[in-house]
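The values are calculated or read from the model by the stated rules, or taken from the named source; none is laboratory data. None of the values given here were measured: they were computed from a predicted structure. Glycine also receives a Cβ, built like all others from the backbone with ideal geometry; neighbour counts cover every protein chain displayed. Ligands, DNA and RNA are excluded from the accessible area calculation, which covers all protein heavy atoms including side chains. Shrake-Rupley method; radii C 1.70, N 1.55, O 1.52, S 1.80 Å.
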Amino acid sequence: MKKIISIITLVLAISSSVYAQGFLGKSEVHGSFEIDAMYYQADDALGITDSLINGNVFGFNAFADIIYTLGDFSAGFRYEAYLPPIAGFDRNLEGQGFPYLWASYTTGKFSFTVGNFYEQFGNGFTLRTYQEWTLGYDNSIVGARVIYEPIKGLIFKGVYGTQRYYWAKYEKNGRGIVKGFDGEINFNDVFSSLSNSKVRLILGGSAVSKYQSDQLKSLKLPQNVASFAGRFNLGIGKFNFSSEYAYKINDPSAVNNYIYKSGDAFIFSGSYSTKGLGVFAQFKRIDNMSFKSDHSVTSNALDINFLPPLIEAHTYMLAAMYPYATQPNGEMGFQVELTYKVPKKSKIGGKYGMGISLNYSQMNDIAREKANDTAYIGQTGTMGWKSDFFKFGEQIFNRDLTIEIDKKFSKNFKSIFKYIYQDYDIATILGHTGDPNVKANIAIVDMTYKFSSTKSIRWELQGLWTKEDKGDWAAVLVEYTVSPHWFFSVADQYNYGNKHSYEQIHYYTGSFGYTMQTTRFALTYGRQREGVVCVGGVCRQVPASNGFSVTISSSF
Amino acid sequence: MKKVLILSLALLIGGTINAQETQQGSKLPSVNVKTLEGETFNIQDISNNGKPILISFWALWCKPCKKELDAYNDNYEDWVEETGVKIYAVSIDDARSTAKVLPFVSGKSWEFDVLLDPNGDLKRAMSVNMIPHTFILDGDGNIVYQHTSYYEGLEDEIFEIVKKVAAGEDVSGKH
């Protein structure tokens, strides 16, 4: 490994110093880095004691990602360190090294990549590799990829390799080998007679297979598991429709309790868009579609495919309390959304206009029946279950109604009003076995007042009311910004409605930050609940903790 | 081997600094993105007839990004009139919400072009770590300015830079 890195770096170094002298002047180096450090404190109210921290008062995650380009050639690496990982990140990440090393060459119609790469076929039902630093997630493929574009509008992709599993090296008879192929045709590009047509059509298809040798004694597993998908995107004037269907042969795994049922996934989206108005509707069904390159893994790793959660994603503090996660063994549901801009200078819109958006989403379990008379539903070693494609299961995993109005009252003052109703299966999604669904009403007011062209103050008032789980919450946030450099903010989330008085906790935080172009420094002190937090102009996912956290990031 | 690595790194960094001194700024990478209609094209193919281009990375889940783009949209007409600048807003929404971007953008009445980068290929190639992240390109396609995060009023600062770029001034020394 070290040798490889050294050689790559040496080649890069020589070429970059040679070309930097101006012979070609086309070489470029750029990249980004980030350091996230935490200092933890004991906090009895949160149940964090000294013995629990056990001397582990620091968390340190850092990366540097460097890309080198010379004409059609590019190469790069990412260094990562988790010493030890910040709370909430997988403990398997502890360590440091270069988990991402690649080189690629693009010439006219071909593009070749060797080493680690990220790829997505269609919606990702058959294959998607990606990296998400804030989650500590990386399922990149190490191997080779070829992309071929014979003519405009026609793209073929082939991938081959194994996937990253934290820091563990690939070993014989270990995790599976992934092979994939994808093709896509854009009719309006390929056939010049259609280039100005109001009807736009794109068709695509993919096939992905994994090979993992069967080392299991108790069951006989298929060593090759294949999945296939077909998709289209059809635009007719202001209407747009897209759909994908994927099928996977039987793939007994720890996720589906080793059943021999095949899996499938279906998604259909339709939208109507015109200036000032957008209407969107979507249907989705997933049945036994977890696809990993190791059948024994259940954690967030080695996923070959991606099953998007189609529930409105919330970012306000309290609205993000109950986030939905896709249920790979089965879910079906729909989503509708309307976005409307009330025109400027109208009666309701006022001088600046007003934005209205409405979203409703629901996700249920699929309806399952016994596969045969002698086995129970989901029994290991059986066909698992039978399921009617069009029948919703009775269990509601998640329902969400969100209404948002944004309005600018004057040149200096604007506001966002939000109401959310959530019905959330906390037992299934967060594993709180036996707990009833959480039914919550959430109201949010977000106001911004601009003192001058660079200084402004923003405050949020939020309430979450529910009889279940931890009961009622109130939250407030005040943020003062001086563009383009500074932000200061304080926030508190108060669980005043908790049944247990000792759990009526204030989650207070104070933070400030400084930004200079693409370099950013931020310091936060206080208690943090798990969830997506957006302060001072950026959003990131933060785990629960108490203490100081520092983030330094830059890109160039 | 370690010595080779250290030496190479030193050379590499040295080379980089040299390279930066001799160049105006880097160019856009050769990466495919999608239009809202699903058409694939190479980001290097965008152009604005020698006028500046502004590229801003955003996502539906990013509130500050949407505020930034609202602010750009409020000023877009004036900006185009004065400098001829063209704005591309690159959404990094993944399969969870890519299909929602088109109706959302229409509902917002945003006037500029919106592109999709559903698996973050362009985001990675341009070393975008946090969003919002805004790039300004000069008339020759060189990246001459970058900024991450959005605060109320940042659009004024950004427009000052765009005006300078349009006038052919050097903005690299600006904070």
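Points to keep in mind about this one:
- Counting only residues that are under 26 Å from A:Phe548 (Cβ atoms) and either out of contact with any Asp or Glu (no Cβ under 8 Å at 6 or more places or on another chain) or of a type in the set (A, V, I, L, M) (or both), the range A:60-78 holds 3 of them.
- Out of A:Gln541, A:Gln504, sole residue that is in contact with a helix residue (DSSP H, G or I) (Cβ under 6 Å, 6 or more places away or on another chain), more than 8 Å from chain B (Cβ to nearest Cβ) and modelled with pLDDT under 95: A:Gln541
- Residue list for the range B:100-122, restricted to those being in contact (Cβ under 8 Å) with a residue 40 or more places away in the chain and within 25 Å of A:Ile552 (Cα to Cα): B:Asp121, B:Leu122
- Out of B:Leu60, B:Leu54, sole residue that is closer than 29 Å to A:Ser195 by Cα, touching a strand residue (DSSP E or B) at 6+ places or on another chain (Cβ under 9 Å) and either modelled with pLDDT of 95 or more or not charged (D, E, K, R) (or both): B:Leu54
- Residue check for B:Ala125: in contact (Cβ under 8 Å) with a residue 12 or more places away in the chain, within 9 Å of another protein chain (Cβ to nearest Cβ) and touching a strand residue (DSSP E or B) at 6+ places or on another chain (Cβ under 8 Å): yes
- Filtered residues of the range A:315-371 (kept if farther than 30 Å from A:Ala265 by Cα, touching a Leu at 6+ places or on another chain (Cβ under 6 Å) and within 10 Å of chain B (Cβ to nearest Cβ)): A:Tyr340
- Filter result (in a strand (DSSP E or B) and open to solvent by 40 Å² or more (accessible area, probe 1.4 Å)) within the range A:186-206: A:Val199, A:Arg200, A:Leu201, A:Leu203
One line per residue, one yes/no per condition, for (1) at pLDDT 75 or above; (2) facing chain B (nearest Cβ under 10 Å):
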position	(1), (2)
A:Lys2	no, yes
A:Ser6	no, yes
A:Ala20	no, yes
A:Ile35	yes, no
A:Asp43	yes, no
A:Ile53	no, no
A:Phe60	yes, no
A:Ile66	yes, yes
A:Glu80	yes, no
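- Filtered by the rule that a residue be at the interface with chain A (Cβ under 8 Å from one of its Cβ atoms) and open to solvent by 10 Å² or more (accessible area, probe 1.4 Å), the range B:132-147 gives a lone residue, B:Gln146.
- When residues in the range A:232-249 are screened for being assigned to a loop (DSSP other than H, G, I, E, B) and either modelled with pLDDT of 95 or more or in the same structural domain as A:Gly333 (by TED's automatic domain parsing) (or both), 1 of them pass.
- Scope the range A:361-391; condition among the hydrophobic types (A, V, I, L, M, F, W, C), surrounded by 13 or more Cβ atoms within 10 Å (Cβ to Cβ) and in a loop (DSSP other than H, G, I, E, B); matching residues: A:Ala367, A:Ala371, A:Ala375, A:Ile377, A:Met383, A:Trp385
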